[in-house]
Amino acid sequence: MVGERRYISSMPAAVRALRGATTVEADTEAAITKAVQTLIGEMLARNDIANDDLISILFTATDDLTATFPATPARLMGLGDVPLLSAREISVTHGTARCVRVLMHLSTERTRSELRHVYLEGATGLNDDLPV
């Protein structure tokens, strides 16, 4: 289960979006589950996000991942009360293969520049312009 809020700030809470991506070793339920849970865990830990901070999470997966919905592993790790949506990533020539992307919406006192986006495995080169 996701942790409890661990900090208090005098800044007013704002709705922010946090991005993440990872690649999956193989199109299997086990590989997708492991990759998604690792990514979500890192996104939550690096940004000190508690379950109550989450508004919703949008997952996309490339066409070569069909073994399970990317949202399913998030539900299995205790995020079943958060609105989750899985969608198909557009197919782009020379795009990153077996890739899951995440757009996490949250309520936080942190500024946009304080958030740390997370890119793991073969997705580490995506969006180098964002703070990680």
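Residue-wise HN-Hα couplings along the range 112-117, as the Karplus relation 6.51 cos²θ - 1.76 cosθ + 1.60 with θ = phi - 60° gives them from phi, are 4, 6, 8, 6, 10, 6 Hz; Gly and Pro carry x. Applying the criteria of a DSSP loop state and at most 15 other Cβ atoms within 10 Å to the GluC sites (Glu not before Pro) of the range 24-55 yields 25. Inter-part distance, the range 30-45 to the range 67-132, computed on C-alpha centroids, equals 9 Å. Averaging 1/r over every pair of different alpha carbons in the chain and inverting the result gives a Kirkwood radius of 15.0 Å.
Residue-wise HN-Hα couplings along the range 64-71, as the Karplus relation 6.51 cos²θ - 1.76 cosθ + 1.60 with θ = phi - 60° gives them from phi, are 8, 10, 9, 6, 6, 6, x, 6 Hz; Gly and Pro carry x.
Can you give the helix-only mean residue ellipticity at 222 nm for the chain, where every DSSP H stretch with n ≥ 4 adds -39500 (n - 2.57) and the sum goes over all residues, rounded to the nearest 500 deg cm²/dmol?
The helix-only estimate for the chain comes to -5000 deg cm²/dmol at 222 nm.
Couplings 3J(HN,Hα) of the range 47-53, computed from phi: 10, 6, 9, 9, 3, 5, 7 Hz, in residue order, whole Hz [Karplus 6.51 cos²θ - 1.76 cosθ + 1.60, θ = phi - 60°; x for Gly and Pro].
Eigen-decomposition of the gyration tensor built on the alpha-carbon atoms of the range 66-108 gives equivalent ellipsoid semi-axes of 23, 14, 8 angstrom, largest listed first.
Where nothing but the Cβ of Lys and Arg (+1) and of Asp and Glu (-1) is charged, how large is the charge dipole of the chain around its Cα centre, in debye to the nearest 20? Don't skip to the answer; put the middle values down first.
On the way: 13 positive and 17 negative charges, 53 e Å.
Dipole about the Cα centre, nearest 20: 260 debye.
Which residue fluctuates the most in the chain, going by a Gaussian network model with Cα springs under 10 Å, if the choices are 68, 22, 33? So, out of 68, 22, 33, the one fluctuating most is 68.
A dipole drawn for the range 17-123 from +1 and -1 charges on Cβ atoms has a positive end, and of 30, 77, 60 the residue lying farthest that way is 60.
Springs join every pair of Cα atoms under 10 Å in this Gaussian network model of the chain, and among 95, 20, 80 the largest mean-square fluctuation is at 95. Backbone amide hydrogens, once placed in the peptide plane, bring residue 55 within less than 5 Å of 105, 106, 107, excluding anything fewer than 5 places away on its chain.
In the chain, the DSSP beta bridges split such that about 70 percent are antiparallel, to the nearest 5. Between amide H atoms placed 1.01 Å from N, distances below 5 Å from residue 119 occur with 21, all of them 5 or more places distant or on a separate chain.
Throughout, read-outs are computed from the coordinates displayed, never taken from laboratory work. Just so you know, these numbers come straight off a predicted model, no measurement behind them. As a convention, Cβ positions derive from the backbone with ideal geometry for all residues, glycine included, and neighbour counts pool all protein chains shown.
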